[in-house]
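Asks: Can you read through this structure? Questions will come right after.
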Amino acid sequence: MKFTGRMWIFPDKNINTDQIFPGKYTYDPLTPEQMAEHALEDYLPSFAKEVQKGDILITGQNFGSGSSREQAVTCLKAAGVAAIVGVSFARIFYRNAINNAFPLIPCPEAAQYIFEHADVLKDEKITVNLIDGTIAIKDKTFNFPPLTGEALNIFKAGGLLEYTKKKLAQKK
Amino acid sequence: MAQTLIQKIISKVTGIKDPEEGSIVFVEPHRILTHDNSAAIIGKFKSMGATKVWDPEKIFIALDHAVPPPDEKKAANHTKIRKFVNEQGIKYFYDCGVGICHQVLAQEGHVIPGVVIFGSDSHTTTHGALGAAGIPIGRTEAASIWAIGQTWLRIPESIKISLSGKMPANVFAKDVILTIIGQMRSDGASYKAVEFHGAATKDFSISERLTMCNMVAEMDGKAGMFQADEVTERYLKGRALDLYQKVLPDKDATYIKSEEFHLDEMVPVVAKPHNVDNVSPIAELPDTEVDVGLLGTCTNGRLDDLAAAARILKGKKIKRGVRLLVYPASQAVLLEGMKEGIIQTLVEAGGELAVPACGPCLGAYGGTLAPGETAISSANRNFKGRMGCKEDTRIFLGSPATVAASVLEGRITEPPKEVFK
Ligand code: SF4
């Protein structure tokens, strides 16, 4: 549970679920790969074409605000995004991420630092370690509280779907 | 330890005596609400290896987000849901046309004080209007609850919002909650429960409370709640599907934050594009022409909302070239509105009446904006593209009265005070 990847730096506040995954697609039955084609479509139309597997997003305050649509998480994950380090995340988006075993790391210190030094850091790689709760970029390291308890169990199971599968199997 | 309302409710449903803020507990809900997204949830449910739902009497499904279905894919979603409902013997299924899930859930007596309702829709906060904890969740969680009957919950800290005074004649619950969000911002209640307190709460009808709690989702709240009182009891009489006991917060409970709002000082406001906390008094807006008004949605599509608009539009015609979309929140509202002549007034004024459903609120079908258009809407969200088109479109949010006054003039206009005296 350690990722190193290129960064996409999005300091804007309140990037919402409509920008991440537009409402007009929410009731179309799409595969995760098809959802990935619309990732961040209303925020940065070129994103879905240019994103590479293992990329990490650095985001501003209240990322993922708005709708409960889980596709906002699924489309980013399917697009290959490995993790998001942000100032803060909206509640349902955060929950959906845990339930889909997609790492969101609220770490305002790291995010602010990257925003402030974006011109020198933009081509650097960032490393996120979920086990010891560290973020490393160039010569700087930041700490964040790692997941614990039931949230960690769901994450470890590979998401709520797998977690529930196991629980149901145990019952039988 | 003194407890907040959400602590009290969680204590009641879990049996945990002293639920500590920040701790994670497992909760079996009184109801789990889903809508057209049930089609996707069924897929997830099956891939979990589940075959039977945990309790067919606790599952609530209403079709509202694409009604009537605009294309064959969405129609097929509905077919899939109907089939599942029959196979599983799901008791509470409301087919196309009955109304918007949140309105139907409350109106049909499913929501009672002291219960937990999970919903795979972000505006599940609405149900706090009746002293319940309405908590929004995602689709995988909904599938998991269908399968195992419970999900995890972090017990939130609570924010206390005290309301005092009286609303001026042309100020409505929507103006109050928009003013609050404008001050507290769109992440002002992130991960927190919001409780409405104060002497003024007794003057809020259930419809107005539903509007307020609905919009708590726009502060990113986990729940938004009024305490059950005589108003709640009157509404639930002959309606509540289950017996209930009022659950109230302890008087000396501690809140992470307390805010006070004086209703007398409030004025009609709108949320400007493209975020709900971008709030401005209408009086301070530059001249803003509108192309379309949306009257309806789970926020403001009830009888009193349509009635307020009708009072302004009675005997008048909306401005030529401007449209007014009328989407009653439920069939019951529509029928009542027909009986009272409200629908007649709205249609005579030039309103386009539609089937009770979400409609243009989410931009998936029906009434989408054209590039360059501006809308004034009684809904809860004004994100760019929310009404189906992002090219140069703008959505302003206001009360139903503001929507009516604005389509009459063709520009965003304060509701006339004299009409409501
Ligand atoms: S009316 Fe709008 S906000 Fe309400 S449930 Fe429907 S789409 Fe969501």
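The values are calculated or read from the model by the stated rules, or taken from the named source; none is laboratory data. Note that the structure is predicted; figures quoted are calculated from it, not measured. Glycine also receives a Cβ, built like all others from the backbone with ideal geometry; neighbour counts cover every protein chain displayed.
Asks: Mind checking which strands (runs of 3 or more DSSP E) fall wholly inside the range B:118-185 and carry at least 3 residues that are facing another protein chain (nearest Cβ under 10 Å)?
Replies: Hits in the range B:118-185: B:151-154.
Asks: Would a scan of the range B:276-286 turn up a residue that is within 16 Å of the ligand (Cβ to nearest atom), within 14 Å of chain A (Cβ to nearest Cβ) and not aromatic (F, W, Y)?
Replies: There is at least one residue in the range B:276-286 that is within 16 Å of the ligand (Cβ to nearest atom), within 14 Å of chain A (Cβ to nearest Cβ) and not aromatic (F, W, Y).
Asks: Hey, can you tell me all the residues within the range B:295-322 that are within 17 Å of B:S399 (Cα to Cα) and among the charged types (D, E, K, R)?
Replies: B:R302, B:D304, B:D305, B:R311
Asks: Could you grab me the full set of residues in the range B:69-99 that are touching a residue at least 40 places away in the same chain (Cβ under 8 Å), more than 14 Å from chain A (Cβ to nearest Cβ) and within 15 Å of the ligand (Cβ to nearest atom)?
Replies: Within the range B:69-99, B:G97, B:V98, B:G99 meet the criteria.
Asks: Can you confirm whether B:A40 is aliphatic (A, V, I, L, M) and away from the ligand (no atom under 16 Å from the Cβ)?
Replies: No; evaluated as a whole, the condition is false for this residue.
Asks: Also, quick follow-up: Could you check the range B:227-284 for strands (runs of 3 or more DSSP E) lying wholly inside it with 2 or more residues that are among the aliphatic types (A, V, I, L, M)?
Replies: B:269-271
Asks: Considering only residues of the range A:128-147 that are part of a loop (DSSP other than H, G, I, E, B) and free of Cβ contacts under 8 Å to residues at least 40 places away in the same chain, which is surrounded by the most Cβ atoms within 10 Å (Cβ to Cβ)? Lay out the reasoning, then the answer.
Replies: First, pick out the residues of the range A:128-147 that are part of a loop (DSSP other than H, G, I, E, B): A:130-133, A:138-139, A:144-147.
Now narrow it down to the ones that are free of Cβ contacts under 8 Å to residues at least 40 places away in the same chain: A:132-133, A:138-139, A:144-146.
Details: A:D132: 10, A:G133: 15, A:K138: 11, A:D139: 5, A:F144: 19, A:P145: 9, A:P146: 14.
In this case the residue turns out to be A:F144.
Asks: Could I ask something else about it? Quick one: count up the residues across the range B:319-359 that are modelled with pLDDT of 95 or more and within 14 Å of chain A (Cβ to nearest Cβ).
Replies: 2
Asks: Another question about this same structure. Name the one entry in B:H123, B:H127, B:H102 that is touching a Pro at 6+ places or on another chain (Cβ under 9 Å), within 15 Å of the ligand (Cβ to nearest atom) and within 26 Å of B:K222 (Cβ to Cβ). Break it down stepwise before answering.
Replies: Values: B:H127 fails: touching a Pro at 6+ places or on another chain (Cβ under 9 Å); B:H102 fails: touching a Pro at 6+ places or on another chain (Cβ under 9 Å).
Only one candidate qualifies: B:H123.
Asks: Hey, could you check the range B:186-225 for residues that are of a type in the set (K, R) and either more than 14 Å from every other protein chain (Cβ to nearest Cβ) or assigned to a helix (DSSP H, G or I) (or both) and say which is surrounded by the fewest Cβ atoms within 10 Å (Cβ to Cβ)?
Replies: B:K202
Asks: Hey, among B:S280, B:S258, which residue is among the hydroxyl-bearing types (S, T, Y) and assigned by TED's automatic domain parsing to the domain that holds B:D220?
Replies: Exactly one of B:S280, B:S258 is among the hydroxyl-bearing types (S, T, Y) and assigned by TED's automatic domain parsing to the domain that holds B:D220, namely B:S258.
Asks: Return yes when A:K125 is without any contact (Cβ under 8 Å) to a residue 40 or more places away in the chain and more than 25 Å from A:K13 (Cβ to Cβ) and no when it is not. Lay out the reasoning, then the answer.
Replies: On the way: without any contact (Cβ under 8 Å) to a residue 40 or more places away in the chain: no; more than 25 Å from A:K13 (Cβ to Cβ): yes.
The answer is no for A:K125.
Asks: Can you find, within the range B:49-68, the residue that is farthest from A:G149 (Cα to Cα) among those that are buried (at least 24 other Cβ atoms within 10 Å of the Cβ) and facing another protein chain (nearest Cβ under 10 Å)?
Replies: Selected residue: B:A66.
Asks: Follow-up. If B:V407 meets every condition in (1) surrounded by fewer than 23 Cβ atoms within 10 Å (Cβ to Cβ); (2) at pLDDT 95 or above apart from one, which number is that one?
Replies: So B:V407 meets the others, but not (1).
Asks: Based on this model, can you work out whether A:G86 counts as touching a Ser or Thr at 6+ places or on another chain (Cβ under 6 Å), more than 20 Å from B:R139 (Cα to Cα) and modelled with pLDDT of 95 or more?
Replies: Working: touching a Ser or Thr at 6+ places or on another chain (Cβ under 6 Å): yes; more than 20 Å from B:R139 (Cα to Cα): yes; modelled with pLDDT of 95 or more: yes.
Yes; evaluated as a whole, the condition is true for this residue.
Asks: Tell me yes or no: at least one residue of the range A:148-164 is in contact (Cβ under 8 Å) with a residue 60 or more places away in the chain, more than 19 Å from A:P108 (Cβ to Cβ) and of a type in the set (V, I, T).
Replies: no
Asks: Would a scan of the range A:156-166 turn up a residue that is surrounded by fewer than 19 Cβ atoms within 10 Å (Cβ to Cβ), charged (D, E, K, R), more than 29 Å from A:G66 (Cβ to Cβ) and within 14 Å of chain B (Cβ to nearest Cβ)?
Replies: Looking through the range A:156-166, at least one residue is surrounded by fewer than 19 Cβ atoms within 10 Å (Cβ to Cβ), charged (D, E, K, R), more than 29 Å from A:G66 (Cβ to Cβ) and within 14 Å of chain B (Cβ to nearest Cβ).
Asks: Sticking with this one: Exactly one condition in (1) over 26 Å from A:Y94 (Cβ atoms); (2) more than 15 Å from the ligand (Cβ to nearest atom) is false for B:E141; which is it?
Replies: Of the numbered conditions (1) over 26 Å from A:Y94 (Cβ atoms); (2) more than 15 Å from the ligand (Cβ to nearest atom), the odd one out for B:E141 is (1).
Asks: Kindly establish whether B:L324 is farther than 20 Å from B:R209 by Cα and outside the structural domain of B:L63 (by TED's automatic domain parsing). Lay out the reasoning, then the answer.
Replies: Details: farther than 20 Å from B:R209 by Cα: yes; outside the structural domain of B:L63 (by TED's automatic domain parsing): yes.
So B:L324 fits the description; yes.
Asks: Select from the range B:371-392 the residues that are away from the ligand (no atom under 15 Å from the Cβ), within 14 Å of chain A (Cβ to nearest Cβ) and either surrounded by 24 or more Cβ atoms within 10 Å (Cβ to Cβ) or hydrophobic (A, V, I, L, M, F, W, C) (or both) and list them in ascending order.
Replies: Answer for the range B:371-392, where residues must be away from the ligand (no atom under 15 Å from the Cβ), within 14 Å of chain A (Cβ to nearest Cβ) and either surrounded by 24 or more Cβ atoms within 10 Å (Cβ to Cβ) or hydrophobic (A, V, I, L, M, F, W, C) (or both): just B:C389.
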